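Okay, so here's the structure we're looking at.
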Amino acid sequence: MIDAAVSLLVERGIAGMTLASIGERSGYSRGLVTHRFGSKAGLLGHVHDSVAAEWLRRVQAVVGDATGVVALQRVTDALLQFMEEEPDDLRAMYLLRYASIDPSAEYRANVSRVNRAHIRALAAWVEEGQAKGEIADDVDADLAAELFASVIDGLLYRWLVTPSIPVRQLQAILRENVGQALKSAQG
């Protein structure tokens with residue numbers, strides 16, 4: 001059902017996707033979709049969380065045991081890989097994320113929870129880099145995490161709106177600049 005929801009979100013958008021169309025696309029009844037998720041908002045929250053969990057799994061696999069600048073650089077590598085391998089999943093997740101700014105978006109809490117988890121992970125990598133002396137002590141880990149996440153979100157937004165942007169080159173610049181911006185004078 002999640003795959004059907006992702007493909008319908010990408011094809012028709014949030015308003016054009018219905019529980020009935022998801023049931024039909026996935027080979028189940030609308031009643032089963034409703035029973036499993038309760039409502040369209042419940043399904044949208046589940047779709048967002050499922051794709052976000054896959055994103056986090058991919059990030060953890062690429063980052064591995066790295067910390068600090070290397071961890072953040074590897075996050076950009078994971079992003080590029082996800083963009084190339086699962087573009088529809090990213091499109092669906094970011095469609096939901098951006099639509100969550102609507103005060104009536106009932107899955108808004110899902111997006112907020114995942115965003116907070118992302119920031120905690122990014123800040124932890126910055127703090128670990130500071131502990132190892134590779135990131136300057138005067139860098140505010142939470143602010144650096146927010147800025148990094150904002151740049152990633154902006155890159156994704158630009159790619160979603162204009163798929164022809166030079167994503168590989170932009171990722172390479174971001175990867176390089178993360179290191180330059182955070183490395184301590186000793187590093």
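Please treat every number below as a calculation from the coordinates, not as lab data. Quantities reported herein were computed from a predicted structural model and do not represent experimental measurements. For neighbour counting, all protein chains shown are included, and Cβ atoms are generated from backbone atoms with ideal geometry for every residue, glycine included.
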> To the nearest 10 degrees, how steep is helix 2-16 against the longest Cα principal axis of the chain, on a 0 to 90 scale?
Replying inline: 80 degrees
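What's the ranking of 72-79, 7-14 by average number of surrounding C-beta atoms within 10 Å, highest first?
Working: 72-79: 20.9, 7-14: 16.2.
Averaged packing, sorted descending, gives the order 72-79, 7-14.
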>> Between (i) 18.0; (ii) 17.6; (iii) 16.7, which entry matches Kirkwood radius over Cα pairs in Å as derived from the coordinates of this structure?
In response: (ii)
>> Cut-off 10 angstrom, C-alpha nodes, Gaussian network model of the chain. Which of A53, A145, A123 fluctuates the most?
In response: A53
>> Please check: in the Gaussian network model of the chain (C-alpha springs, under 10 Å), which one of R57, R91, R108 has the largest mean-square fluctuation.
In response: R57
> How large is ³J(HN,Hα) for each residue in the range 123-129, as worked out from phi by the Karplus curve 6.51 cos²θ - 1.76 cosθ + 1.60 (θ = phi - 60°), to whole Hz, x for Gly and Pro?
Replying inline: 4, 4, 5, 5, 4, 5, x
> For E24 and S112 in the same chain, what is the full-extension length gain: residue separation times 0.36 nm, less their Cα-Cα distance, in nm?
Replying inline: 28.6 nm
> Cβ under 11 Å from E11's Cβ, E11 left aside: what net charge do those residues give with Lys, Arg +1 and Asp, Glu -1?
Replying inline: +2
> How far, in nm, would the chain grow between R158 and L56 when pulled straight, counting 0.36 nm per residue and subtracting the alpha carbon separation?
Replying inline: 34.6 nm
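Rounded to the nearest 500, what is the chain's calculated 222 nm mean residue ellipticity when only DSSP H runs of at least 4 contribute -39500 (n - 2.57) each, over all residues?
-26000 deg cm²/dmol
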> How high is the FRET efficiency between S39 and E11 when r is their beta carbon distance and R₀ equals 25 Å, given to the nearest 0.05?
Replying inline: 0.75
>> Quick check: Cα centre of the range 56-74 to Cα centre of the range 107-123, how many Å?
In response: 17 Å
> Once the Cα atoms of helix 141-161 and of the chain are each reduced to a long axis, what angle between those two axes, in degrees from 0 to 90 to the nearest 10, is obtained?
Replying inline: 50 degrees
>> On a full-extension model of 0.36 nm per residue, what is the gain between N177 and E128, subtracting their alpha-carbon distance, rounded to one decimal in nm?
In response: 15.8 nm
> Which one of S164, S39, S50 has the biggest mean-square fluctuation once the chain is modelled by GNM with Cα springs under 10 Å?
Replying inline: S164
